[in-house]
Amino acid sequence: MNEEIMEETISGAIVRSYFKKLTDNLAIDVAIVGAGPSGLVAAHDLARRGLKVAVYESKLAPGGGTWGGGMLMNEVVVQDDAAEILAEFGIRTEPAAPGYRTLDSVEMASGLIFGARKAGAVIFNAVRVEDVVMHDGVVGGVVINWNPVARLEMHVDPLVVTTRALIDGTGHPSEIVNKVVHKAGVAIDSPTGGILGEKPMWMEDGERTTVLNTKKLCPGLYASGMAANNVQGGFRMGPIFGGMIKSGRKVAELVAKDLGA
């Protein structure tokens, strides 16, 4: 008997392993759209509670806007209480000013990614959520496709993943909430029942409201991080990430409570 050709072995291993991962995650507890800081912290916390969690990131590299730091200087700032959460991931910080610490943005992004994976969350990168599943006013799933398919405007039908809870962590655009409000016509928990839109820069207030605005918006749908701030009309805050980290922890607590975990 001839030995198996190495090329076939490698390709077969990848295909079988990936499609097992995909098949095992067609029905999940929590879908998180966007692998930025808030989404990754939420994924970590929810997976540690024993929930089946999948994160969908349209870009090739998860991590959101963390990698570039401030204006491509790969350092960012967090508050002391957010640094305590990062320490749970093994991410190091250094004192900067009273109440604030700096850290390497590459370490932060990679540490959050690894922490979410180690906790048991599955990350599907280069996968775009192009729509949601709605049954009788309840969000119950995501409609997914390869991001290159969307970018090339190829007419390729998507697949569906069912979920008990969906977190919009897409950042400034609030892409998922936009679909629920404008396509499904659902009134959400906001002052107008819709999306107010992001205000200009005000770091202090933006950090505060990022956590305050993290909430359940309608049955099955939650928003975290800048997506939550955009929905509720909060200010942007720039390369300080404490609000994002704490928002991820808060949304995980809200979802876990609703799911009884």
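Multiplying the sequence separation of ASP80 and VAL160 by 0.36 nm and subtracting their Cα-Cα distance, what value in nm do you get? The partial results should precede the final answer.
On the way: separation 80, 0.36 × 80 = 28.80 nm, distance 4.03 nm.
This chain segment gains 24.8 nm when fully extended.
Below 8 Å between Cα atoms, with a sequence gap of 6+, how large is the relative contact order for region 157-259 in percent?
Numbers: 189 pairs, mean separation 33.2, N = 103.
Relative contact order comes out at 32 percent.
Given the pairs LYS52/LYS215; LYS21/LYS199; LYS20/LYS246; LYS59/LYS246; LYS183/LYS250; LYS183/LYS257, which are separated by over 31 angstrom at their Cα positions?
On the way: LYS52/LYS215 20 Å; LYS21/LYS199 40 Å; LYS20/LYS246 33 Å; LYS59/LYS246 23 Å; LYS183/LYS250 27 Å; LYS183/LYS257 28 Å.
Long pairs (Cα-Cα over 31 Å): LYS21/LYS199; LYS20/LYS246.
How many nm separate the modelled label positions at ALA97 and MET6, each set 7 Å beyond the Cα in the direction of the Cβ?
5.6 nm
Karplus couplings for region 56-63 from phi (6.51 cos²θ - 1.76 cosθ + 1.60, θ = phi - 60°), rounded to Hz, Gly and Pro as x?
Ordered by residue, 3J(HN,Hα) equals 10, 10, 6, 7, 5, 9, x, x Hz.
Place a point 7 Å from Cα of LYS59 in the direction of its Cβ. Which residues in region 191-225 have their backbone N less than 19 Å from it?
Hits in region 191-225 for LYS59 at 19 Å: 224-225.
Using a Förster distance of 30 angstrom, determine the FRET efficiency expected from the C-beta separation of LYS199 and TRP67, and round it to 0.05.
Details: r = 25 Å, r/R0 = 0.83.
The pair LYS199/TRP67 has a calculated efficiency of 0.75.
Based on the alpha-carbon gyration tensor of region 2-65 and its eigenvalue square roots a ≥ b ≥ c, which shape applies: rounded if a/c is under 1.5, prolate if not and a/b is larger than b/c, or oblate? Numbers along the way, then the final one.
Working: a/c = 3.30, a/b = 2.00, b/c = 1.65.
Prolate is the answer for region 2-65, as a/c is 1.5 or above and a/b outweighs b/c.
Between TRP146 and ASN125, what length in nm is gained on full extension when 0.36 nm per residue of separation is reduced by their alpha carbon distance? Each step should come with its number before you reach the end.
On the way: separation 21, 0.36 × 21 = 7.56 nm, distance 0.89 nm.
Contour length minus the Cα-Cα distance gives 6.7 nm.
If I take every Cα pair under 8 Å that is 6 or more residues apart in the chain, average their sequence separation and divide by the length, what percent do I get for the relative contact order?
On the way: 569 pairs, mean separation 57.9, N = 261.
Over the chain, the number comes to 22 percent.
Provide the three semi-axes, in whole Å and in decreasing order, of the ellipsoid equivalent to region 1-140 as defined by the square roots of 5 times the Cα gyration tensor eigenvalues.
On the way: eigenvalues 208, 94, 40 Å².
Listed largest to smallest, the semi-axes of region 1-140 are 32, 22, 14 Å.
Taking the Cα-to-Cβ direction at ALA87 and at ILE14 and moving 7 Å from each Cα, how far apart do the two end points lie in nm?
Simple spin-label model gives 4.1 nm for this pair.
Around ALA223, which amide H atoms from residues at least 5 apart in sequence, or from another chain, sit under 5 Å from its own amide H, with H modelled in the peptide plane?
ASP168, LYS215, LEU217
For region 82-149, what does the convex hull of the Cα positions come to per residue, in cubic angstrom? Don't skip to the answer; put the middle values down first.
Numbers: hull volume 10.1 nm³, N = 68.
In region 82-149, the Cα convex hull volume per residue is 148 Å³.
So if I take the alpha carbon set of the chain, get Rg, then get Rh from the Kirkwood formula, what is the Rg over Rh ratio? Before the final figure, lay out the partial values.
Numbers: Rg = 18.7 Å, Rh = 18.7 Å.
The Rg/Rh ratio comes out at 1.00.
Beyond 15 Å, what share of the Cα-Cα pairs of region 158-261 is found? Please give it as a whole percent.
Numbers: 3148 of 5356 pairs.
Above the 15 Å cut-off, region 158-261 has 59 percent of its Cα pairs.
With the dipole of the chain worked out from charges on the C-beta (+1 for Lys and Arg, -1 for Asp and Glu) around the Cα centre, which of VAL122, SER105, LEU259 lies farthest toward the positive end?
Positive-most Cα among the choices belongs to LEU259.
Relative to the present Cα-Cα distance, how much length would full extension add between LEU259 and HIS172 at 0.36 nm per residue of separation? Please report the intermediate quantities before stating the final value.
Details: separation 87, 0.36 × 87 = 31.32 nm, distance 2.69 nm.
Residue separation times 0.36 nm, minus the Cα-Cα distance, leaves 28.6 nm.
Since every read-out is calculated from the coordinates, none of them should be taken as a lab result. What you see is a predicted model; the values in this text were computed from it and never measured. Don't worry about glycine lacking a Cβ; one is built from the backbone with ideal geometry, like all the others, and counts go over all protein chains shown.
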